[in-house]
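Quick notes on the structure that follows.
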Amino acid sequence: MTRFAIPSREQISVDSQATLEGFEQLLGFVPNVFAVMAQSPHALAGFKGLQIPLEKTLDTGMRERIALAVSEVNGCEYSIRAHSYIGARFGKLEAAELQMSRYGKSKDPKSEAAVQFAKKVTETRGKISDADLQAVRDAGWTDAQIIEIIARSVQFLYTNLVNNVFQTEIDFPATETAADEA
């Protein structure tokens, strides 16, 4: 059960409206997580401030793989459902790949190194071993890309915490992967 009544658009601050409209244009609706965050226009702007520049890094499939790995570590059902849907729809990831990503795995060795790294960074709060860092480097990720993986992990941690605290009502359609886990 949710701990927060999702506000209507009329109840949301005018300072948050433009950001919500952008999410609506992208996804066709305003996800509940953003309506929750919109209660603080500053917090929503902070999220957007991190998200917009990071849209230029990594490809959609990789971003969604990382989101799933981080969300699984944090036990965030809302984000697992959301990123399974986004990964399938926009990242063109197969159900098996989405499922594997949740556990730091991938059919592609380079992708697996990245999601495994994101998973370990999240689990250890960044206190990874030298071997963990070397493994992601050895897979072909540059230090700049590794920092982008960390930044994405932080972005998803933020939404995971908001969703877990407020028990955000899931409003994304189930995908084959998400439905199998339910």
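Computed from the coordinates by the stated procedures, all read-outs in this text should not be read as laboratory data. Predicted model, so just to flag it, every value in this text is computed and none were measured. All Cβ positions, even for glycine, are placed from backbone atoms using ideal geometry, and neighbour counts span all protein chains on display.
A few remarks follow.
- Cα gyration tensor, segment 50-122 - rounded (a/c under 1.5), prolate or oblate: rounded
- Likely footprinting exposure, 161, 27, fewest C-beta neighbours within 10 Å first: 161, 27
- Nearest 10 degrees, 0 to 90: helix 14-27 Cα axis against the chain principal axis: 60 degrees
- Cβ-Cβ distance of residue 144 and residue 171, R₀ of 35 Å, FRET efficiency by 1/(1 + (r/R0)^6): the value works out to about 0.50.
- The length gained on full extension between residue 123 and residue 39, counted as 0.36 nm times the residue separation minus their Cα-Cα distance, comes to 27.3 nm.
- Here the 3J(HN,Hα) profile of segment 168-176, calculated from phi with Karplus coefficients 6.51, -1.76 and 1.60 at θ = phi - 60°, is 4, 5, 6, 10, 9, x, 6, 9, 4 Hz, Gly and Pro shown as x.
- In the chain, the longest principal axis of the Cα atoms and the axis of helix 60-73 are about 90 degrees apart.
- 3J(HN,Hα) couplings calculated from phi for segment 31-39 with the Karplus curve 6.51 cos²θ - 1.76 cosθ + 1.60 (θ = phi - 60°) are, in sequence order, x, 4, 4, 6, 5, 5, 4, 5, 4 Hz; Gly and Pro show x.
- Projecting the Cα positions of 96, 82, 146 onto the charge dipole of segment 60-181 (unit charges on Cβ atoms of Lys, Arg, Asp and Glu, taken about the Cα centre) puts 146 furthest along the positive direction.
- Considering helices alone, the calculated mean residue ellipticity of the chain at 222 nm is -21500 deg cm²/dmol, with DSSP H runs of length four and up weighted by -39500 (n - 2.57) and normalised per residue.
- Loop-located GluC sites (Glu not before Pro) in segment 1-70 whose Cβ has at most 10 other Cβ within 10 Å (DSSP): 55
- Low-density loop positions, chymotrypsin sites (Phe, Trp or Tyr not before Pro), segment 92-171 - DSSP coil, at most 15 other Cβ in 10 Å: 103
- Chymotrypsin sites (Phe, Trp or Tyr not before Pro) restricted to DSSP loop in segment 1-101 with at most 13 other C-beta within 10 Å: 29
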